[in-house]
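Since the structure comes first, as structure tokens, the remarks are kept for the end.
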Amino acid sequence: MATEIDWRDSAQPPHERVEALLGEMTLAEKAGQLGSFWKTAEESADGEVAPAEDEMRALAEKWADATANGLGHLTRPFGTAPVDPAKGAAQLEETQREVMARGRLGIPAIAHEECLTGFTTFGATVYPTSLAWAATFDPALIERMGAAIGGDMRAVGVHQGLSPVMDVVRDYRWGRVEETMGEDPYLVGMTGTAYVRGLESAGIIATLKHFAGYSASRGARNHAPVPMGPREFADVILPPFEMAVRLGGTRSVMNSYADVDGMPAAADRELLTGILRDQWGFGGTVVSDYWSVAFLDKMHRVTSDRASSGAAALEAGIDVELPGTDAYGMLAAKVDSGELDEAVVDTAVRRVLLQKAELGLLDREPAVSAPNPEVDLDSAGNRALAAEIAQKSIVLCANDGVLPLAADEPRIALVGPTADDPNTFLGCYSFPNHVLSRYADRGTGIPVPSLLEGLRAELPGARIDYAQGVPVREADRSGIDAAVEAARGAAVCVLAVGDLASLFGRGTSGEGCDAPDLDLPGVQTELVEAVLETGTPVVLVVVSGRPYALGAFADRAAAVVQAFLPGEEGGAAIAGVLSGRVNPGGHLPVAIPRDPGGQPGTYLAPPLGQGGFWMSNIDPTPLFPFGHGSSYTSFEYRDLEISEERIGVDGEVEVSVTVANSGERAGEDVVQLYLTDEVAQVTRPLRELTGYARVALEAGAERRLTFRLHADRTSFTGRGGKRIVEPGRFTVAVGHSSQDLPLEARFEIIGRTREITGERVLVTPVVG
């Protein structure tokens, strides 16, 4: 029964407004709030910006039907075709007013957009990829970026951002590694939660994806089944999502396409309701990944038809069907037939309407006008922030002293396919690669200086000879001779190799761009070998969305630099590292393998997953381990102290260490704390990251850090399937990477095994 209050009155409590509105709605109007529409432009019809775009175009013909009873979401009004901010904002407002006019109740829709490397729209700043965010080991910096991106989106009328990707990397061959924040759940959780806080602080609804297990597909194939047990799922895959829900305040979650052990996430009530809502207390909306509801019958074949898919997804906990109303357009019929309880519909509608109330979309004068349509989406402040992230994300993996390059270097050869192609710095979901690749005359839409331009600006007195050598992916060897000639005549050769991100096999990194192995794409390995044979000192610069196996030649390179698709300011940032203007401080969020085959897995493997055993001729030990990163200065650790030798199962121990800059210039280091459970009732990782801090120190300076390690941070899923803190002995180690750990200490947890049933300590605070 409707309450007495006016649901349009913004002075009333939001929950009461929602109940009043719900009481006035017909079943068809309720279902309308759970649907969406992708209003595509004609020029977007000649290429894909998402999977199954043929279905999108079919749904796009049903605008009148989709909006007759109201509409939940508008899909990507800025991210489908090039449009400047003011025009896009005007078009969005016009569309919103049309939605209001078509529906009896006059309720606008929530407009959502992608924001994986910044606001995915024409002319907006392209920040480094998520993998690069993680390489900074600097959550506060990523939170600032999230706030900047969110501010730009809200300025033009967008409400929700489909980011961040909280998936934990399990196989480097997977195309979407670039969208993740690495292979460690704690690093992913800390970085992603910071981004969520930034977006939400600007009024944007952050959307965690892909919940859950998507990144662990069999054979690293996009959308492939996930052969994972419940323990790995609980201890590796779920923690980052839990952190972002409990600590980040995210208001939306998007389901995974994958099926885990035969259960598609879109139909998994235990996951979407039992874990997410009942255990973690999530109160926001769950939105479907694009077409994932339809995939229940079309691909997974766990339902017999589209209407049944809609009912199954809604009952599992998916509130909104994206990107268009398809299966959810049949919900009313399912209710009328008695196959679906209307109360299930009401529950989802309440969640959607509550967010609309928070956004001002249920007010008497709904907030559909853009706050600042003339906003500069690639402002000087944005570019400075993009540059800072790029600089802090670049990892110096190895250096025999050739770097930094001398300012008066007589002759430098710059060769390779990522040396003078600005698109190679940008992620798959950047607007230039995601959409503008179909508009040959639009370029990148923003200035994106190449490495060649950056190096010439950085070293104006040097002669720089450029040769591409080979393309990124095509087997064209015709330019190798010219590259070899350039390298042979130079004092040093900068060899830039790596990826070009795109979609569904059109690139070497990105959604649907999975790799059969971890060799450099195309014939780039042949180029590297040919250049190394010249005898000229080679600085190998890898600009990529995943780590590639470099063991065949890294020991012959004078230096190795890794940049994970560093964004629009990436060329200048890499050039700054090469010149020494920037002292590199990035650390690896994924290991760099030695060999391209015999997939090494990640550093979190239990003992039998590590190298050094006689049982196999394949050694998975990486070339450069997780957490590795060098600098132009040096750092030393000393005086490790542990506050307690024994703590209870709900106690806390403090681990303190002094870090000193023992070199001759200022620099930044990432101090890493690892935990080893010496004996446990199930196999555990040999070590796992349990705390870290990025520290800036002047030459000769030092700093005392204290990590507050709670017993909850030792917890894991035990034999009974419950999360426990188990008594036993533990080793903590502090160092520069997961394999370079000069200091260690031991402590013991005593008492009876404790089962964790509610909230737990998810973070290891660092003070000092």
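Since every read-out is calculated from the coordinates, none of them should be taken as a lab result. None of the values given here were measured: they were computed from a predicted structure. Please note: Cβ atoms are built from the backbone with ideal geometry, for glycine as well, and neighbour counts cover all protein chains shown.
The trypsin sites (Lys or Arg not before Pro) of the range 533-595 meeting both criteria, a DSSP state outside H, G, I, E and B (loop) and at most 16 other C-beta atoms within 10 angstrom of the site's C-beta, are Arg581.
Taking the number of Cβ atoms within 10 Å of each Cβ as an exposure proxy, the fewest-first ranking of Arg708, Arg351 is Arg708, Arg351.
So what's the gap between the Cα centers of the range 280-313 and the range 562-621, to the nearest angstrom? After rounding, the separation between the Cα centres reads 36 Å. With an a/c value under 1.5 for the gyration tensor axes a ≥ b ≥ c computed over the alpha-carbon atoms, the range 394-609 is described as rounded. Ranking of Asp341, Asp289 by neighbouring Cβ atoms within 10 Å, starting from the fewest: Asp341, Asp289. Over 18 Å between C-alpha atoms is what I'm after, so list which of Lys62/Lys356; Lys334/Lys356; Lys30/Lys334 land there. Listed pairs above 18 Å: Lys62/Lys356; Lys334/Lys356.
On average, how much area does the Cα convex hull of the range 323-472 cover when viewed from any direction, in nm²? Please list the in-between numbers first.
Details: hull surface 67.2 nm².
Its Cα hull, projected and averaged over all orientations, spans 16.8 nm².
Separation of the range 504-546 from the range 729-763 is 38 Å, based on Cα centroids. Short-range pairs are left out: with C-alpha atoms under 8 Å and at least six residues apart, the relative contact order of the chain is 13 percent.
Only sites in a loop by DSSP and with at most 11 other Cβ atoms within 10 Å count here; which GluC sites (Glu not before Pro) in the range 435-542 make the cut?
Within the range 435-542, the qualifying GluC sites (Glu not before Pro) (loop, at most 11 other Cβ atoms within 10 Å) are Glu474.
The angle between the Cα long axis of helix 380-393 and the main principal axis of the chain comes to about 50°, on a 0 to 90 degree scale. Electrostatic bookkeeping for Arg218 treats Lys and Arg as +1 and Asp and Glu as -1; over the other residues with beta carbon under 13 Å from its beta carbon, the sum is -1.
Using only DSSP helix segments of four residues or longer, with each worth -39500 (n - 2.57), what per-residue ellipticity at 222 nm results for the chain after dividing by its residue count and rounding to 500?
Details: 19 runs with 188 residues, N = 768.
For the chain, the value works out to -7000 deg cm²/dmol.
Please work out whether the range 635-767 counts as rounded, prolate or oblate from its C-alpha gyration tensor, where a ≥ b ≥ c are the square roots of the eigenvalues and a/c under 1.5 means rounded, while otherwise a/b larger than b/c means prolate and anything else oblate? Judged from the Cα gyration tensor, the range 635-767 comes out prolate (a/c at least 1.5, a/b above b/c). The ranking of Leu743, Leu532 by Cβ neighbour count inside 10 Å, starting from the fewest, reads Leu743, Leu532.
From the alpha carbon centroid of the range 336-375 to that of the range 677-716 is 43 Å.
Return the inverse of the average 1/r over all pairs of distinct C-alpha atoms in the range 96-197, which is the Kirkwood hydrodynamic radius, in Å to one decimal. Hydrodynamic radius (Kirkwood, Cα only) of the range 96-197 equals 14.8 Å.
Quick check: from the Cα gyration tensor, does the range 563-691 come out rounded (a/c under 1.5), prolate or oblate? It comes out oblate by the Cα gyration axes.
Listed cross-link partners Lys209/Lys298; Lys87/Lys298; Lys39/Lys298 are compared with a 27 Å cut-off, the Cα-Cα value being larger for Lys87/Lys298.
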